[in-house]
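One structure is given here, and the rest of the page talks about it.
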Amino acid sequence: MLILAIETSCDETSIAILKDGKEVLSNIVSSQIEIHKEFGGVVPELASRHHIKNISAIMEEALETAKISMEEIDYIAVTYAPGLIGALLVGISFAKGLAYSYKKPLIPVHHIKGHIYSNFIENKIQLPAITLVVSGGHTNIVYIDENHKFTNLGGTLDDAIGESYDKVARVLGLGYPGGPVVDKLSKEGNPKAIQFKEANVGEYDFSFSGLKTAVINFVNNKRMKEEEINIPDLTASFQEAAVNVLVKKAIKAAVEKKCKTILIAGGVAANSELRKRLFEAGKEKEIEVFYPKMEFCTDNAAMIAAAAYYKLKYSEESIFADLNLNGKATLSIEED
């Protein structure tokens, strides 16, 4: 089975071809990070324009790299939500045009399910499993049963973990995106130097707004007093508080749901401290922890193809309905 997938939910234009749910024949990603850096974040209009500019060339490269023609493709998959609406429309419109022209079935894929299924590309996953979804826009704990049915157990009540990393990096003048640089600097600092409180919210819910504000207030107070800020200590202390709550709740969910598997999904799955701490905590509880290889952590079309493959395999409802762009654009993963 050959699936061609298209991902344009934010600032990466990506097209991939996946064989039988496992073999990545091509996964071409064009990142716009350098374009958006000067603005300190993604500018939706710019993102949409660059998707339009790049998508045809990326399509040609994906087919050429895979040594596959469109006639050989069995299905076309595309991210339909969540994401920037203009960016999503570029990918959806392109996918619908291809599906119509080549008479191929079109599979709409939820972006977060794509991140989750990125773990399945190279790993043999035992279900049921708990997934810790950690990205720029999402922080969730998701339960997956043996039939690949998804249940959202909890999520962030305000800021996502990735967004918090970006805002902490911005106030410290560390640039965009903030996650990689904060993670790197934290290795040089003392995580116990500053005690930041963890938010006490629902059983599987998260709140990072207070932690982010505490860091900003700490920085502002230091600057007002003209005192030096030890940036490695500050980033390490922030990361300690953030990672602590993520690990604690993921392990709690796995134990209570009797799962022997935890998956990490989303851009923040690349965070070295989160990987290390969750792996250690999982080992103590005899829980196996998986995370995608680095190239599948950020937005990419290979993960969308993988999600489409499993959707084909396990979905009980018809998945070939036309995408209704005027319909509900932010369906939860349970409704997908």
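Each reported figure results from applying straightforward, stated rules to the coordinates on display, with no laboratory input. As the structure is a prediction and not an experimental result, all values here were calculated from the model. Don't worry about glycine lacking a Cβ; one is built from the backbone with ideal geometry, like all the others, and counts go over all protein chains shown.
In the chain, if the dipole is taken from +1 on Lys/Arg beta carbons and -1 on Asp/Glu beta carbons about the Cα centre, which of N271, H51, A214 is farthest to the positive end?
Value: A214.
Please get the size of the charge dipole for the chain, origin at its Cα centre, with Cβ charges of +1 on Lys and Arg and -1 on Asp and Glu, quoted in debye to the nearest 20. The partial results should precede the final answer.
On the way: 37 positive and 45 negative charges, 105 e Å.
I would put it at about 500 debye.
So how much slack lies between K103 and E284, counting 0.36 nm per residue of separation and subtracting their Cα-Cα distance, in nm? Mind dumping the intermediate values first?
Numbers: separation 181, 0.36 × 181 = 65.16 nm, distance 5.14 nm.
Full extension of this stretch gives 60.0 nm more.
So I have (1) 16.0; (2) 16.8; (3) 23.3, and one of them is mean projected area of the Cα convex hull in nm² calculated from this model. Which one is it?
Looking at mean projected area of the Cα convex hull in nm² for this model, the match is (2).
Working out 0.36 nm times the residue gap between E23 and N230, then minus their Cα-Cα distance, what length gain in nm do you get to one decimal?
Working: separation 207, 0.36 × 207 = 74.52 nm, distance 4.57 nm.
Once the chain is fully extended between E23 and N230, it gains 70.0 nm.
How much FRET efficiency would the formula 1/(1 + (r/R0)^6) give for M1 and R170, where r is the Cβ-Cβ distance and R0 is 41 Å, rounded to 0.05?
Details: r = 43 Å, r/R0 = 1.06.
With a Förster radius of 41 Å, E is 0.40.
What number, in nm² with one decimal, is the all-direction average of the projected area of the convex hull of the alpha-carbon atoms of the stretch 162-217?
On the way: hull surface 17.1 nm².
For the stretch 162-217, averaging the hull's shadow over all directions gives 4.3 nm².
Taking 0.36 nm per residue of separation and subtracting the Cα-Cα distance, what length does fully extending L46 through V181 add?
Here the segment from L46 to V181 would lengthen by 46.2 nm.
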